[in-house]
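Asks: Okay, handing you the structure first.
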Amino acid sequence: MNLEHIKQTDPVVAEQIELELKRQQETIELIASENCTSLAVMEASGSVLTNKYAEGKPHKRYYNGCEHIDVIEEICQKRACELFGMDHANVQPHSGAQANMAVFMATMKPGDRVLSMDLSNGGHLSHGSPVNFSGLYFDVKSYGINEYGEIDYDDVRKMAIEHKPKLIICGASNYSKIIDFKRFREIADEVGALLLADIAHIAGLVAAGLHPSPAPYAHFVTTTTHKSLRGPRGGIIMCKEEFAQAIDKAVFPGMQGGPLEHIIAAKAVALLEASKPEFKEYAAQIIKNAKALAQGLMDEGLDIVGGMTENHLMTLDLRKTGKTGKDMANVLEVVGITANKNTVPNDPQSPFVTSGIRLGTPAVTTRGFKEEDMTEVAKIIAGAIYASDNEQGLKNLRERSLKLCQKHPLYT
Ligand code: DSN
């Protein structure tokens, strides 16, 4: 990676970038929401487009000099619509949270009611957490998952009938089963609600046709672009044509100023990459790797919430080991595996401690990990959890994880 100019101008920042590159190269990344972009995506996001103000929409800008920006943004919109089968795309949201915020703004007034998945059951902060704008300004009712780690659709329906929400949100940050978008739409129709599918986590799987698409059912589809879709950090909103104007207005001038056109270019590149046959193979391997990891962990005697995963992630349930998510995520870091603590259903621990660890395979799959590597990763994880106090044992495990990283080099 060429850092020649930063090194001259700001050696302190340059050094930290180099160290971060080394950290990414030498650790096994199992944070389910992270990935490693292509160099093409990175070049676009570090391009001269960062210099340009382009408030407004293609051909309706508040600034001059947008002729190239317009082409890029239109290509990005078109690719998003084609890949996900939706009528309209706004590719300007800076993040997934802002994409969701724009849908709230386009569809509701403060105080209106939303039905969404509870954060501690796998939902997202911006779906109605009391500490987020969504929970502060809207009346939120939440559904969760049952003891099998699944959404109970009958319960969602019951809640929808009881609470009559204006907006129902499906899609999650930590849910390992296939989401039944059709069922959600039937529930929404029964109570006259609009349906938002937030596919941030599974976007790459949906793009590859390996998870059912929400397109025939959802009025709005939001996503981030940096998770399984493997693009730059950012968000996209897609919707049916009838909502296009309201969505565009909510994004700008509703909540954002100038769009990040360098990131929009990088989103366009990522969307093109995601439309290729190689990406379908990549997405299929993400799922195979997740299943191999889950199987490996269960073979080591560990519990997974809901058992076998159906997508790219899973939550390790540590309750029977007597260890906490917080401590074990730190121990995994010692052995060169990055993951995050996560609550499990009916977690006896607080959200800051937790009894679980969320694990996902998009990033390691990008590096080229295959099923046999995931079985080794499962053994390293289990070894670290069972022998978390054995310093020499952890050192040995660290060497094994480093070997896997060297077997699958990143950005070399
Ligand atoms: N923080 C992301 C995740 O880890 O799932 C969601 O925004």
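Asks: Considering the convex hull of the alpha carbon atoms of the range 117-183, report its projected area averaged over all viewing directions, in nm², one decimal.
Replies: Its average projected convex-hull area is 4.4 nm².
Asks: For the range 178-302, what does the equivalent ellipsoid look like in terms of its semi-axes, each the square root of 5 times an eigenvalue of the Cα gyration tensor, given largest first in whole Å?
Replies: They are 29, 21, 13 Å, listed largest first.
Asks: For LYS403, go through the aspartates and glutamates and keep the ones whose alpha-carbon is under 12 Å away, minus same-chain ones fewer than eight residues off.
Replies: GLU26, ASP373, GLU376
Asks: With equal scatterers on the alpha carbons only and no solvent term, can you work out the Debye log10 of I(q)/I(0) for the range 194-266 at 0.15, 0.22, 0.25 1/Å?
Replies: Evaluating at q = 0.15, 0.22, 0.25 Å⁻¹ gives log10 I(q)/I(0) of -0.55, -1.07, -1.21.
Asks: For the range 223-360, evaluate the Debye formula with one uniform point scatterer on each Cα (no solvent term) and list log10 I(q)/I(0) at q = 0.17 Å⁻¹, rounded to two decimals.
Replies: At q = 0.17 Å⁻¹ the computed log10 ratios are -1.00.
Asks: What percent does the relative contact order of the range 51-149 come to when contacts are Cα pairs within less than 8 Å and at least six residues apart?
Replies: Value for the range 51-149: 16 percent.
Asks: When a/c is below 1.5 the answer is rounded, else prolate if a/b is larger than b/c, else oblate, so apply that to the range 337-412 with a ≥ b ≥ c taken from the square roots of the Cα gyration tensor eigenvalues.
Replies: It comes out oblate by the Cα gyration axes.
Asks: Could you give the accessible area per residue of the chain, probe 1.4 Å, as a whole number in Å²?
Replies: So the chain comes to 44 Å² accessible per residue, rounded to a whole number.
Asks: Would you mind working out the magnitude of the charge dipole of the chain relative to its Cα centre, with +1 at each Lys and Arg C-beta and -1 at each Asp and Glu C-beta, to the nearest 20 Debye?
Replies: 140
Asks: Sticking with this structure for a sec: Which value results for Rg/Rh of the range 74-215 when Rg is the Cα radius of gyration and Rh the Kirkwood radius based on the inverse mean 1/r?
Replies: Ratio value, two decimals: 0.94.
Asks: Okay, moving on. Hey, can you rank 82-94, 219-231, 316-328, 52-64 by average C-beta count inside 10 Å, highest first?
Replies: Ranked by mean Cβ neighbours within 10 Å, highest first: 219-231, 82-94, 316-328, 52-64.
Asks: Still on this structure, please answer the following. Accessible area of the chain with a 1.4 Å probe: how many percent of it is carbon plus sulfur?
Replies: 52
Asks: Let's test the formula: R0 of 22 Å, r as the Cβ-Cβ distance of MET308 and HIS408. What FRET efficiency results, to the nearest 0.05?
Replies: In this case the efficiency is close to 0.35.
Asks: Next up: Any idea how far apart LYS320 and LEU136 come out in nm if each label point goes 7 Å out from Cα toward Cβ?
Replies: 4.3
Asks: So, one more: The chain: D in µm²/s via Stokes-Einstein (Kirkwood Rh, Cα pairs, 10 °C, 1.306 mPa s)?
Replies: 72
Asks: Under a point-charge model restricted to the Cβ atoms of Lys and Arg (+1) and Asp and Glu (-1), what is the dipole moment magnitude of the range 130-257 relative to its Cα centre, in debye to the nearest 20?
Replies: In debye, rounded to 20, the range 130-257 gives about 400.
Asks: Additional query: Looking at LEU119, PRO165, MET105, which one has the Cα that reaches farthest to the positive end of the dipole of the range 101-173 (charges on Cβ: Lys, Arg +1; Asp, Glu -1)?
Replies: The one lying farthest along the dipole's positive direction is MET105.
Asks: Report for the chain the percent antiparallel among DSSP-assigned beta bridges with both residues inside it, nearest 5.
Replies: 55
Asks: As a check on your grasp of the helix formula, calculate [θ] at 222 nm for the chain: sum -39500 (n - 2.57) over DSSP H runs of n ≥ 4, divide by the residue count, round to the nearest 500.
Replies: Roughly -13500 deg cm²/dmol at 222 nm, from the helical runs in the chain.
Asks: Shifting gears a bit: Using the Kirkwood formula over every pair of different C-alpha atoms, what hydrodynamic radius in Å results for the range 1-152?
Replies: Hydrodynamic radius (Kirkwood, Cα only) of the range 1-152 equals 19.6 Å.
Asks: Applying 1/(1 + (r/R0)^6) with R0 = 51 Å to the Cβ-Cβ distance of LYS240 and THR375, what FRET efficiency is obtained, to the nearest 0.05?
Replies: That pair, LYS240 with THR375, gives E of 0.70.
Asks: Obtain the nm distance between the two label points defined at ASP10 and LYS78 by a simple spin-label model: each point lies 7 Å from its Cα along the Cα-to-C-beta direction.
Replies: With each label point 7 Å from Cα toward Cβ, the separation is 3.6 nm.
The values are calculated or read from the model by the stated rules, or taken from the named source; none is laboratory data. Fair warning: this is a prediction, and the values are worked out from it, not measured in the lab. Glycine also receives a Cβ, built like all others from the backbone with ideal geometry; neighbour counts cover every protein chain displayed. SASA here: full protein model, heavy atoms, side chains in, ligands and nucleic acids out. Shrake-Rupley method; radii C 1.70, N 1.55, O 1.52, S 1.80 Å.
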